[in-house]
1. Give me the pairs, please: first residue somewhere in the stretch 128-143 and farther than 23 Å from residue 168 by Cβ, second residue anywhere and of a type in the set (S, T, N, Q) and part of a helix (DSSP H, G or I), beta-carbon distance under 7 Å, and either six or more positions apart or on two chains.
2. Looking at residue 72, is it within 17 Å of residue 231 (Cβ to Cβ) and of a type in the set (Ser, Thr, Tyr)?
3. Considering the stretch 235-278 alone, what residues qualify as being within 16 Å of the ligand (Cβ to nearest atom) and either part of a loop (DSSP other than H, G, I, E, B) or polar (S, T, N, Q) (or both)?
4. Given (1) under 25 Å from the mean Cα position of the chain (by Cα); (2) farther than 30 Å from residue 62 by Cβ; (3) not charged (D, E, K, R), identify the lone condition not met by residue 373.
5. Give the residue that is farthest from the ligand (Cβ to nearest atom), with candidates limited to residues of the stretch 174-196 that are β-branched (Val, Ile, Thr) and surrounded by 19 or more Cβ atoms within 10 Å (Cβ to Cβ).
6. Please indicate, with yes or no, whether at least one residue in the stretch 201-221 is among the β-branched types (Val, Ile, Thr), at pLDDT 95 or above, within 21 Å of the chain's Cα centre (by Cα) and crowded, with 24+ Cβ neighbours inside 10 Å.
7. Within the group 174, 107, which residue is among the charged types (D, E, K, R), in the same structural domain as residue 204 (by TED's automatic domain parsing) and touching a residue at least 24 places away in the same chain (Cβ under 8 Å)?
Amino acid sequence: MSNAAYCFDALMDITARPKTVFVRGEGSWLWDDTGKRYLDFIQGWAVNCLGHSPPSVAEAIATQAKTLITASPAYFNAASLELATALVENSAFDQVFFANSGAEANEGAIKLARKYGALYKNGAFEIITFEGGFHGRTLATMSASGKKAFEPLFEPKVKGFAKARLNDIASVRELISKNTVAVMLEPIQGEAGVWPTTDQFLRELRELTQAHGLLLIFDEIQTGMGRTGKLFHYEHTGITPDIMTLGKGIGGGAPLAALLATEEAACFEHGDQGGTFNGNSLMCAAGLAVLEQVSKPEFLRSVVDSGHLLERELQRLSTRHGLGEVRGRGLLLALDLKLPIGPALVAQALDKGLLLNSPQPDALRFMPALNVSREEIAQMIDQIDVMLTKAGAARRVA
Ligand SMILES: *Cc1c(COP(=O)(O)O)cnc(C)c1O
C-alpha cells in the first residue's frame, strides 16, 4: 500500500471516490500505485476513444509540445487550422470554434443560438431541451440539462430552457413560442443511462425545426467521434443539425472540445466568443491524431463489429440471468439489470480489477475504448457473468 504517501484531503471532495490511485494506462488497461491491473470499460468516461495513452496521440502531443504549445487566440496557428479543416471536410458543417471542455462547447452553442435569435428572430432566446438530458456543469449547461438532481442547485438558474420529452414530438411542438430559437439534444442520452432517440424522432425534429425556422443543435459530446459506429451520430439518420458540439473522444483523453456550425448558423461577431486556451496548438495536435485514425472507414467498421459483439454478449447475459434490455448503439451500450444492484456490481468489479459504470442503480453502462479487443470484451463479460451468478445465488438463499 503506497496510498499512505497521498494527502487525499488536498483535493476538494466533490464526489464519492474509492481510494484507488491510478498511475499508468495502456490500451484497455489501467494500473494503480500498488501495481494492480484493471480492465477499463469506462475509459475516462467515454473519453479515451483509442484507449489509454495511445502511441499516435502521445507522439503528436510530445512533438507539438516541443514545437509550439500555444501562440495566442489573437493569432492563427497551424494545428487549429488543420484540425478545423479536417472536421469541416469530414462533416456537414462549415466552421469550428474550439473549446476546452464539453460544457464550454455547449455554452458556446447556447450563445450562438441566442445570437442567431438576436440577429434574425426578433430576440428569440428560448431553447427547447429534454427531460433527462445532460449538457455539462456550467451554470447555463446545468440549466439546459434535464437532470432532476440539478433542479434545486445554484438557484437562480439561467432562464430560457423549456423541457420536452424524448421521442415525443408533440411535447416539443407544444413548447414552441415566438421566443423559441432552437432545439438542443443528445442523440443518445448518455449520462441519464443510455436512452436513445429514434431515427424517426430526429427526422421529425428536423422537419419541425425547419418549419418554424429554429436551429437544431446536437450535443454529440458522447455520441460523436465514432462512438456509435459512424463518425457522428447524425449520419445514421439522413438529416443534419445546424450546430453540433463535440468533446470527450475528440482529444483522445486530452482536454479538447469543439462547436461546429453551418455557415448560416455561425453568426458570432467579434467580441462575442473567445477564450485564452481555445484552439491551442497542443490540444489541436492531439485532436488531429485522433481524427486521422477514427475517421478511417475500416476503423468505423471495427467499431460496428465490436458494438455488435458486445451487444450480443450482453443480450446473452441478460437471457441467462433474467435481466432486461440492452440499449444504445455502437460502443455506447447499457444493460438493464431490472434490480438496483448496479452500485454493488461496480464495487465488486473494482475489487476484481474491472472498471464499470452504473449511471442509474438498475443499469450498467459500457463505454470501452473504440479499439477494445474481442478478448477484452469476452473477459469483461465472463467477470460480470460470475458476479451475476453469485448475486442470483444470494437472492435465492435470501
Ligand atoms: C460529458 C458530457 C458533457 C460535458 O462535457 P465536459 O467535458 O464534462 O464538460 C456534455 N454533454 C454530454 C452529452 C456529455 O456526455
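The values are calculated or read from the model by the stated rules, or taken from the named source; none is laboratory data. As the structure is a computational prediction, the values presented were derived from the model and not from experiment. With ideal geometry, Cβ positions are generated from the backbone for all residues, glycine too; neighbour counts draw on all protein chains shown.
1. 136/106
2. Here the answer is no, as residue 72 does not meet what is asked.
3. 241, 245, 247, 253, 255, 256, 275, 277, 278
4. Result: residue 373 fails condition (2) only.
5. 180
6. yes
7. 107
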